[in-house]
1. Considering (1) within 18 Å of residue 15 (Cβ to Cβ); (2) surrounded by fewer than 17 Cβ atoms within 10 Å (Cβ to Cβ), say which one residue 91 fails and leave the rest.
2. Would a scan of region 24-31 turn up a residue that is at pLDDT 95 or above and under 19 Å from residue 72 (Cα atoms)?
3. Given the criterion under 17 Å from residue 99 (Cα atoms), modelled with pLDDT of 95 or more and either over 16 Å from the mean Cα position of the chain (by Cα) or surrounded by fewer than 19 Cβ atoms within 10 Å (Cβ to Cβ) (or both), identify the matching residue among 40, 46, 72.
4. Restricting the search to region 116-128, which residues are outside any helix (DSSP H, G or I) and under 17 Å from the mean Cα position of the chain (by Cα)?
């Protein structure tokens, strides 16, 4: 997929904007030692939304792309949840705006994931690039009946030379 198609993907555009807002928001509260870990995690999870969309966009199969969109959705949920927990340091207006932005990203990602999975189901594994054109799926071979086998002898034959009968 092209860079242009990535930049036109709504969830990606919103995630890039959200990342910039996270950096601004956390820069305003970094003086409080209690927020150091929260800030690091919030910046990382917001970055992860963008990074997973980018990585998935570069993959060759719809299945791989979908996997990375699912990861991006998890990071968006994490970012949203942490904003709610940061109510002690951020204004309610900021929290409301940022959670709304996260919800928009989550909505786009969820709809896209659903659509991609439906398309994959409808087209089967060949659309995923997993089967070469010359190898169509075949039914497994029918089991071949086995010939009955004689039971093993109860005593093994002796290897010692036998005496000639008299």
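1. Here residue 91 clears every test but (1).
2. For region 24-31, residues at pLDDT 95 or above and under 19 Å from residue 72 (Cα atoms): absent.
3. On the way: 40 fails: under 17 Å from residue 99 (Cα atoms); 72 fails: either over 16 Å from the mean Cα position of the chain (by Cα) or surrounded by fewer than 19 Cβ atoms within 10 Å (Cβ to Cβ) (or both).
From the options 40, 46, 72, the qualifying one is 46.
4. In the first step, residues of region 116-128 are kept if they are outside any helix (DSSP H, G or I); the result is 124.
Passing the criteria: none in range.
The values are calculated or read from the model by the stated rules, or taken from the named source; none is laboratory data. Please read these numbers as outputs of a predicted model, since none were measured by experiment. Using ideal geometry, Cβ is built from the backbone for each residue, glycine included, and neighbour counts are taken over all protein chains shown.
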